[in-house]
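**Q** Quick one: this structure, given as structure tokens, is what I'll be asking you about.
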């Protein structure tokens, strides 16, 4: 007994001693200034309470804290009541907001009937009307459609208000108006006040929030990271001020709160921990760099003649193109993020420059890695000048070029704001930059009215700087043909490039300046432009006329629903009285109906689908025809792009087809064909990918319902492209062929149209195929991009087939673009017997012999070339159809 009593005595004294220590810790904490006390708290450790910094709690401490609070409270509701009770104990009231709206009217101006359909003619008319309205010349034929008509109401504080109404009654418009987020295309009148203050007296986005039906967040971030990011952007608001006031009043009144609850509330009122997210992938670049170094392998590369120098120029040009193309992926990535960025901007999370500046800074390591990897893998293997300073010079130049490329395509994405439009803008920007860069078309061949484009092209500065860095090196220092210049200077001069050393630093400085200017433009576009509006619904004229009668019917229906609801209680009581009998009767009926009739037969259908294959194909084709005709963002933009490109190419390549005196004339003509094929084709391939992705998603539901099978759907998508691409080929071919002054014979013109038509077809089908074998249109361009690069490398323009190493020559024959250039160049120049001056300025030959000796092109092989180009169309179309049939990327 004595031992037990002594034990209990020691235990009691130990608890008293522990309580005294806790009291001393709390007293020490209370002596701190209020600001410091808001950041400190007492947290239960393994043995006793410990003073901690609430902003530096470990994940384990946070989890244990929340578990203890919920375990003590029993449920989350009681936990929040404890927080509210702590404020009530010191008479602190939460701020309340009362929203009033008086005589609120919102009107929209819309087209009615068929004029509202999103067809190509309507798209052109809408763009013209918008331009004329901006100039205040023509108001247009739009009709006023009232959405909210002179409504008033009050939203009381501390209450949950339910807004009910039939479809298209203006519920979303009312909520957007109250949140201050109505679009600029709507006309609003009336008064909206928050606690008596109008919307222009404060920032409503910081006071209220509208959560749309499709709330958008950054897909790369977890839920916790998204919430932490929102907290960091919004700040602590009034929570910190209320916490400081709470601590001050509790100290004055001698109130000691629960330690765990105190730590939790302090941590809630302070900023969270920083998070960072960096996700980049560069394996694609490494694979292409390895292929490039094996194509331009030093054992096949020499430094003996002007033709050798042209091959090295091709290698340098391809390095520039590769770095430029790497930035193209920014278009799809940024367009995907734009809805989230616009949401954050409109909610005043941060100004746009707070996004663009970190994006620019975070891209610097990526540019260093990509440009460094490219130069490290290719420089010495290709056989560039071995001087180490020139190695560093090429690395520095490609680094700034990559920065310019990223900024350029971010500008295109922020300007386009739609995947199809942005891809088209991006392709156009890349085309302008490349064709006027000084390699595809030499400076001397550019017409005077386009020479300004040469001086503003970033690629011109990159091409001149990287060429000067290489050809003024020791490897090209031998004397050229008894002239007072080196071989390197002769190559630079012959190709219209500058030969002064300072042009390297001019190029570096120009690219750095472009990176700054383009990032500034990127910031301005994110600040000033808004998302592209949704397509309006088709409104009939009768609906406009009877709009008021519709609203009267809604009020009658509302009163009827109220009457039925008031009488539903009596019906419910009567049902409860007779419920047991009703349940018994229902069970008996189920048992009777579950026994099949003896004469009944099992359901059996002769075919899986109601219609035949041909009927399904015709129905799908009818649907796709309407879908394409009413998708101006795809069809109209593509035609507009084609017209602009054909006019631009025709005026740049003015009379190129009639110039056949020198080797450079043939190169210029081939360069124009090469650029047109590559860029119009890639534009077709990238712009069709979002369309196919949407159509495939819709087909999952319709095919599951048994409406049609996969192959009729796929072949209808293939067929619907035929007339659009035919018109596109006719527009481009006619304009470019005439402005380029190519030989006007029926045979040559038809050959030109044939190759352009089937080339655009196989590019379009290739874009459709890459979409069909990938989950969505965001992944499809990433998969397609390496093949564009390889098609560019092996097309025969930068390095002819005879100079390609034997181990890579097979890919030249497997490359559809090489067959297209073979057909285009041979059909136009393959039968010319006039003399042709070669690049050295001394030797001469004929165009037929030059094509045969330099490129390996033969005019009598033209029929096989035509068959191969058409064969690629069939191949890509069949693979697309099979992928649609056998691959299913539906997630649910």
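**Q** Condition first: surrounded by 11 or more Cβ atoms within 10 Å (Cβ to Cβ), without any contact (Cβ under 8 Å) to a residue 24 or more places away in the chain and assigned to a helix (DSSP H, G or I). Now tell me which residues in region 196-211 satisfy that.
**A** Across region 196-211, the qualifying residue is only 199.
**Q** Mind telling me which of the residues 341, 324, 287 ends up being loosely packed, with under 14 Cβ neighbours inside 10 Å, out of contact with any strand residue (DSSP E or B) (no Cβ under 9 Å at 6 or more places or on another chain) and either at pLDDT below 85 or at negative phi (or both)?
**A** 287
**Q** Given the conditions (1) in contact with a helix residue (DSSP H, G or I) (Cβ under 9 Å, 6 or more places away or on another chain); (2) surrounded by fewer than 15 Cβ atoms within 10 Å (Cβ to Cβ); (3) without any contact (Cβ under 8 Å) to a residue 60 or more places away in the chain, and given that residue 113 satisfies all but one, which numbered condition is not satisfied?
**A** The single condition residue 113 does not satisfy is (3).
**Q** If we scan region 452-463, do we find a residue that is surrounded by 19 or more Cβ atoms within 10 Å (Cβ to Cβ), farther than 17 Å from residue 401 by Cβ, assigned by TED's automatic domain parsing to the domain that holds residue 522 and in contact (Cβ under 8 Å) with a residue 40 or more places away in the chain?
**A** Checked against the condition, which is being surrounded by 19 or more Cβ atoms within 10 Å (Cβ to Cβ), farther than 17 Å from residue 401 by Cβ, assigned by TED's automatic domain parsing to the domain that holds residue 522 and in contact (Cβ under 8 Å) with a residue 40 or more places away in the chain, region 452-463 yields no hits at all.
**Q** Residues to consider are 734, 771, 745; find the one that is farther than 28 Å from residue 658 by Cβ and assigned by TED's automatic domain parsing to the domain that holds residue 722.
**A** 771
**Q** Does residue 708 meet the test of being more than 25 Å from residue 763 (Cα to Cα) and touching a residue at least 60 places away in the same chain (Cβ under 8 Å)?
**A** Here the answer is yes, as residue 708 does meet what is asked.
**Q** Sticking with this structure for a sec: Scan region 171-195 residue by residue and report those that are closer than 30 Å to residue 126 by Cα, out of contact with any helix residue (DSSP H, G or I) (no Cβ under 9 Å at 6 or more places or on another chain) and assigned to a loop (DSSP other than H, G, I, E, B).
**A** Passing the criteria: 184, 185.
**Q** Look at residue 510 and say whether it is closer than 30 Å to residue 666 by Cα and assigned to a helix (DSSP H, G or I).
**A** no
**Q** While we're here: From (1) more than 18 Å from residue 87 (Cα to Cα); (2) surrounded by 11 or more Cβ atoms within 10 Å (Cβ to Cβ); (3) at pLDDT below 80, pick out the condition that doesn't hold for residue 214.
**A** Among (1) more than 18 Å from residue 87 (Cα to Cα); (2) surrounded by 11 or more Cβ atoms within 10 Å (Cβ to Cβ); (3) at pLDDT below 80, residue 214 violates only (2).
**Q** For region 609-635, which positions are under 10 Å from residue 120 (Cα atoms) and without any contact (Cβ under 8 Å) to a residue 12 or more places away in the chain?
**A** Passing the criteria: none in range.
**Q** Out of all the residues in region 842-850, is one or more surrounded by fewer than 16 Cβ atoms within 10 Å (Cβ to Cβ), at pLDDT below 85 and more than 21 Å from residue 319 (Cα to Cα)?
**A** For region 842-850, residues surrounded by fewer than 16 Cβ atoms within 10 Å (Cβ to Cβ), at pLDDT below 85 and more than 21 Å from residue 319 (Cα to Cα): present.
**Q** On the basis of being outside any helix (DSSP H, G or I) and modelled with pLDDT under 90, does residue 660 make the cut?
**A** Judged against the criteria, residue 660 is a match.
**Q** Could you say whether any residue in region 123-134 is in contact (Cβ under 8 Å) with a residue 24 or more places away in the chain and farther than 23 Å from residue 205 by Cβ?
**A** Taking every residue of region 123-134 in turn, at least one turns out to be in contact (Cβ under 8 Å) with a residue 24 or more places away in the chain and farther than 23 Å from residue 205 by Cβ.
**Q** Name every residue in region 136-164 that is under 24 Å from residue 116 (Cβ atoms) and modelled with pLDDT of 85 or more, in order of residue number.
**A** 146, 147, 148, 149
Matching residues to (1) loosely packed, with under 15 Cβ neighbours inside 10 Å; (2) assigned to a strand (DSSP E or B):
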| residue | (1), (2) |
| --- | --- |
| 43 | no, yes |
| 69 | no, no |
| 94 | yes, no |
| 97 | yes, no |
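**Q** Here is a list of conditions, (1) assigned to a helix (DSSP H, G or I); (2) under 30 Å from residue 641 (Cβ atoms), and residue 136 meets all of them except one; can you say which number that is?
**A** (1)
**Q** If we scan region 684-700, do we find a residue that is surrounded by fewer than 22 Cβ atoms within 10 Å (Cβ to Cβ) and in a loop (DSSP other than H, G, I, E, B)?
**A** no
**Q** I'm trying to understand the selection: among the residues of region 790-845, which are over 25 Å from residue 302 (Cβ atoms) and in contact with a strand residue (DSSP E or B) (Cβ under 6 Å, 6 or more places away or on another chain)?
**A** Result: 833, 835.
**Q** Also, I was wondering about something else. Among the residues of region 793-802, write down those that are part of a helix (DSSP H, G or I) and buried (at least 20 other Cβ atoms within 10 Å of the Cβ).
**A** Once the filter is applied, which keeps residues that are part of a helix (DSSP H, G or I) and buried (at least 20 other Cβ atoms within 10 Å of the Cβ), region 793-802 yields only 793.
**Q** To continue, here is another question. Quick check on this structure: which one of 585, 616, 611 is modelled with pLDDT under 85 and surrounded by 10 or more Cβ atoms within 10 Å (Cβ to Cβ)?
**A** Result: 585 is the single residue among 585, 616, 611 that is modelled with pLDDT under 85 and surrounded by 10 or more Cβ atoms within 10 Å (Cβ to Cβ).
**Q** Could you please let me know if residue 683 is under 25 Å from the mean Cα position of the chain (by Cα) and closer than 23 Å to residue 439 by Cβ?
**A** For residue 683, the condition - under 25 Å from the mean Cα position of the chain (by Cα) and closer than 23 Å to residue 439 by Cβ - is met.
**Q** In addition: Kindly indicate whether any position in region 418-431 is in the same structural domain as residue 504 (by TED's automatic domain parsing) and closer than 19 Å to residue 798 by Cα.
**A** Looking through region 418-431, at least one residue is in the same structural domain as residue 504 (by TED's automatic domain parsing) and closer than 19 Å to residue 798 by Cα.
**Q** Still on this structure: Taking residue 810 as meeting all but one of (1) without any contact (Cβ under 8 Å) to a residue 40 or more places away in the chain; (2) touching a helix residue (DSSP H, G or I) at 6+ places or on another chain (Cβ under 7 Å); (3) part of a helix (DSSP H, G or I), write down the number of the exception.
**A** Failed condition: (2).
**Q** Out of all the residues in region 854-874, which are touching a residue at least 40 places away in the same chain (Cβ under 8 Å) and either outside the structural domain of residue 693 (by TED's automatic domain parsing) or in a helix (DSSP H, G or I) (or both)?
**A** Result: 854, 855, 862, 865, 866, 868, 869, 870, 872, 873.
The values are calculated or read from the model by the stated rules, or taken from the named source; none is laboratory data. Not measured: the values here are computed from a predicted model. No Cβ is skipped: glycine too gets one built from the backbone with ideal geometry, and neighbour counts run over all protein chains shown.
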